[in-house]
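Have a look at the structure below, then the notes.
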Amino acid sequence: MKKVGNPNSISRILLFSLAFMLTFSIQIFAQDAAAGKALFNAQCAACHKLDGKMTGPALRGVGDKYEKEWLYKWIRNSADLIKSGDDRANKIFNEYGQSPMTAFPQLSDADIDNIIAYTMEPKVEIAPPGPDTGGNVVVSGGISNEVILGALALVLGMLVVMLFLVNNVLTKIAKANGIEAVAKEKSLPIWKAYAKNQFLVLVTVIFLLLSSAYFAYGWMMQIGVDQGYEPVQPIHYSHRIHAGENGIDCKYCHSSARESKHSGIPSLNVCMNCHKNISEVAETTATEEYSKDFYDKEIQKLYAAVGWDQAEQKYTGKTQPVKWVRIHNLPDLVYFNHAQHVTVAGIECQTCHGPVEEMEIMKQHSPLTMGWCINCHRETDVKLKDNDYYKKIHEELSKKYGVDKLTAAQMGGLECGKCHY
Ligand code: HEC
Ligand code: HEC
Ligand code: HEC
Ligand code: HEC
Ligand code: HEC
Ligand code: HEC
């Protein structure tokens with residue numbers, strides 16, 4: 001009797017490789033538009049929307065309106081282009097009451113290409129989830145993960161069905177030709193197979209032990225320390241949505257982190273730069289835990305606080321201050337300076353504050369104990385490059401210690417007086 005290879009295994013390999021290729025290509029495609037979205041939200045969203053006018057024109061499809069070179073020039077410095085007498089530049093400038101657009105000399109060609117790629121994405125229309133919400137909801141913004149996942153699932157589903165059919169036909173042909181496909185071994189129920197596999201059982205036990213130890217340790221370390229402190233704020237403000245999904249730069253809101261001791265919480269006027277125009281969140285922003293309705297009500301709280309009349313599009317003058325609950329708080333006897341760490345040492349906010357761009361609710365990530373400060377000062381090298389301020393002192397000290405690199409500790413970062421008044 002002739003045998004043929006198990007048709008199942010072939011189809012499985014085919015399926016996997018197709019799925020792999022598909023994910024891969026979608027990722028490449030989505031990547032630059034995603035980077036563009038982040039840039040757009042950080043740099044342009046204060047004045048532009050994709051659809052609809054704001055301070056500046058709607059930008060959807062702007063790549064069709066102008067050629068690349070023109071856009072590079074315009075975005076890097078629109079004032080120069082206007083001065084050069086360019087017709088189209090002057091036309092749009094006059095159309096918008098000669099209000100100037102910020103210059104962005106720091107954006108590379110690739111950055112601008114990404115932003116344009118984002119503006120060229122088609123508008124996504126999503127049908128409402130329930131039958132009771134009449135009418136189509138128009139969602140601006142890029143291709144969301146859910147859309148991609150949905151499409152992927154659909155394609156995969158179709159593939160599975162096709163493979164199943166092909167498989168059937170093949171078996172039929174094989175039967176008609178007198179060939180018998182290899183019969184499957186009768187498989188054990190999953191839990192039995194699992195119990196039989198001692199290695200798997202061992203791994204599971206170790207995993208359980210380790211994770212419980214980890215949580216117990218974490219719990220004990222919290223005693224007396226405010227790590228993880230996560231109070232309820234007067235407005236549910238999500239860093240995940242702002243700094244994460246929309247890629248707004250931390251310094252857009254915490255602008256004083258660079259040059260002063262304190263980082264500060266932004267005033268509500270900063271919020272209104274965007275929220276005059278964003279009165280509700282996209283359907284796709286809602287999560288299982290927080291509905292669109294919930295988020296929209298939170299934006300209404302912001303409007304109530306600054307006294308913004310949405311219908312009239314003007315301020316009523318009636319305001320109620322928002323009292324944000326302070327989360328990070330060192331005792332008065334400690335001196336800590338943000339500018340020193342962020343600007344001089346070049347430390348990322350996330351090193352101390354954790355993955356803020358993933359936090360739906362802000363919480364204290366680091367213990368803020370003396371040991372925590374000191375450990376880092378022992379371990380972290382001071383940034384020597386491009387730092388005139390320290391150049392001389394560095395040269396002297398590195399000779400003294402006979403090393404190229406200097407830790408913050410060697411610079412005096414362990415002296416009591418540096419951190420204590
Ligand atoms: C401070 C507000 C402001 C910011 C920030 C801003 N723009 Fe503009 N933009 C304008 C205004 C206003 C106009 C209309 C022309 C004018 O008055 O200068 C404009 C016009 C444009 C145009 C021409 C559109 C058309 O339809 O003719 C493009 C393209 C553009 N902006 C891209 C960008 C990009 C990309 C960014 C972010 C990197 C950005 N803008 C950031 C205010 C701004
Ligand atoms: C759109 C404005 C905005 C942006 C962008 C933003 N934040 Fe915030 N941040 C706030 C507001 C408002 C609060 C106060 C409410 C809260 O604690 O959630 C806050 C609170 C914080 C706190 C806690 C302050 C305290 O009370 O101790 C930290 C830390 C923080 N932000 C870090 C960051 C970092 C890091 C980023 C960038 C990844 C960032 N923020 C981006 C607005 C912003
Ligand atoms: C640079 C633009 C920008 C700034 C500044 C900004 N927001 Fe937002 N905000 C957005 C965008 C974009 C969304 C999400 C819209 C969506 O998902 O469709 C949003 C959503 C929200 C939401 C609903 C989701 C959530 O986080 O609960 C609230 C509430 C909110 N913002 C409050 C604030 C407050 C308070 C400030 C000032 C501290 C602020 N925003 C500053 C752009 C901004
Ligand atoms: C070296 C660690 C470190 C880095 C880096 C750092 N922070 Fe902080 N941050 C702290 C500590 C410690 C506090 C508590 C300060 C206090 O109580 O005086 C704090 C407090 C804050 C607060 C509360 C308000 C205030 O100023 O006390 C905000 C907001 C904040 N940080 C945002 C940021 C942002 C945004 C960045 C990045 C630009 C950043 N931090 C980088 C350690 C750090
Ligand atoms: C993630 C690492 C890190 C953490 C955490 C950290 N620091 Fe620092 N700190 C540095 C570095 C690096 C420098 C050196 C900066 C420079 O001068 O180039 C520094 C410098 C300093 C200085 C100036 C020292 C001098 O020689 O002038 C003070 C004061 C200071 N830190 C206080 C603190 C306090 C207080 C804390 C805890 C609340 C803290 N730091 C937590 C990395 C850290
Ligand atoms: C890198 C910064 C740093 C240096 C250097 C430093 N401390 Fe501290 N110290 C802190 C911080 C931050 C706290 C607050 C810890 C907390 O709230 O749990 C603290 C707390 C303390 C406390 C406890 C105060 C209380 O009320 O509980 C004492 C005592 C103290 N430090 C003494 C010293 C002495 C002595 C030195 C020099 C050998 C020193 N510290 C050097 C950052 C520092």
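The values are calculated or read from the model by the stated rules, or taken from the named source; none is laboratory data. Values in this document were obtained by computation on a predicted structure and should not be read as measured data. Cβ: placed from backbone, ideal geometry, glycine included. Neighbour counts: every protein chain shown.
Numerical summary
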| read-out | value |
| --- | --- |
| Those residues of segment 93-122 which are within 16 Å of Gly61 (Cα to Cα) and crowded, with 18+ Cβ neighbours inside 10 Å, in sequence order | Ile112, Asp113, Asn114, Ile115, Ile116, Ala117, Tyr118, Thr119, Glu121 |
| Condition broken by Asn269, with the remaining ones in (1) modelled with pLDDT of 90 or more; (2) within 10 Å of ligand 3 (Cβ to nearest atom); (3) buried (at least 17 other Cβ atoms within 10 Å of the Cβ); (4) more than 20 Å from the chain's Cα centre (by Cα) satisfied | (3) |
| Among (1) at pLDDT 80 or above; (2) more than 30 Å from Glu280 (Cα to Cα), the one test that Ala153 misses | (2) |
| Output for segment 301-332, where each listed residue is in a helix (DSSP H, G or I) and among the basic types (Lys, Arg) | Lys301 |
| Count of residues meeting criterion [more than 8 Å from ligand 4 (Cβ to nearest atom) and touching a Lys or Arg at 6+ places or on another chain (Cβ under 8 Å)] in segment 323-343 | 4 |
| Conditions (1) loosely packed, with under 15 Cβ neighbours inside 10 Å; (2) at pLDDT below 85; number of the one not met by Pro7 | (1) |
| Matching entry among Ala42, Ala34, Ala79 (being under 22 Å from Met272 (Cβ atoms) and part of a helix (DSSP H, G or I)) | Ala42 |
| Where a residue in segment 289-303 is surrounded by 17 or more Cβ atoms within 10 Å (Cβ to Cβ) and its partner, wherever it lies, is part of a helix (DSSP H, G or I) and polar (S, T, N, Q), with Cβ under 7 Å and at least six apart | Lys292/Thr285; Tyr295/Thr285 |
| Close pairs from segment 244-260: first part of a helix (DSSP H, G or I), partner basic (Lys, Arg) and more than 16 Å from ligand 1 (Cβ to nearest atom), Cβ under 9 Å, at least 6 apart | Lys251/Arg258 |
| Pro355 being within 12 Å of ligand 4 (Cβ to nearest atom) and either out of contact with any Pro (no Cβ under 7 Å at 6 or more places or on another chain) or modelled with pLDDT of 90 or more (or both) | no |
| Selected residue (only one of Gly346, Gly307 is in contact with a Lys or Arg (Cβ under 6 Å, 6 or more places away or on another chain) and closer than 21 Å to Ala243 by Cβ) | Gly346 |
| Which listed residue is within 16 Å of ligand 2 (Cβ to nearest atom), at pLDDT 65 or above and either within 23 Å of Cys349 (Cα to Cα) or of a type in the set (A, V, I, L, M) (or both), from Leu406, Leu397, Leu368 | Leu368 |
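Rundown of residues vs (1) at pLDDT 90 or above; (2) outside any loop (DSSP other than H, G, I, E, B); (3) within 15 Å of ligand 3 (Cβ to nearest atom), yes/no style:
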{"site": "His262", "(1), (2), (3)": "no, no, no"}
{"site": "Tyr290", "(1), (2), (3)": "yes, no, yes"}
{"site": "Ile299", "(1), (2), (3)": "yes, yes, yes"}
{"site": "Gln340", "(1), (2), (3)": "no, yes, no"}
{"site": "Thr351", "(1), (2), (3)": "yes, yes, no"}
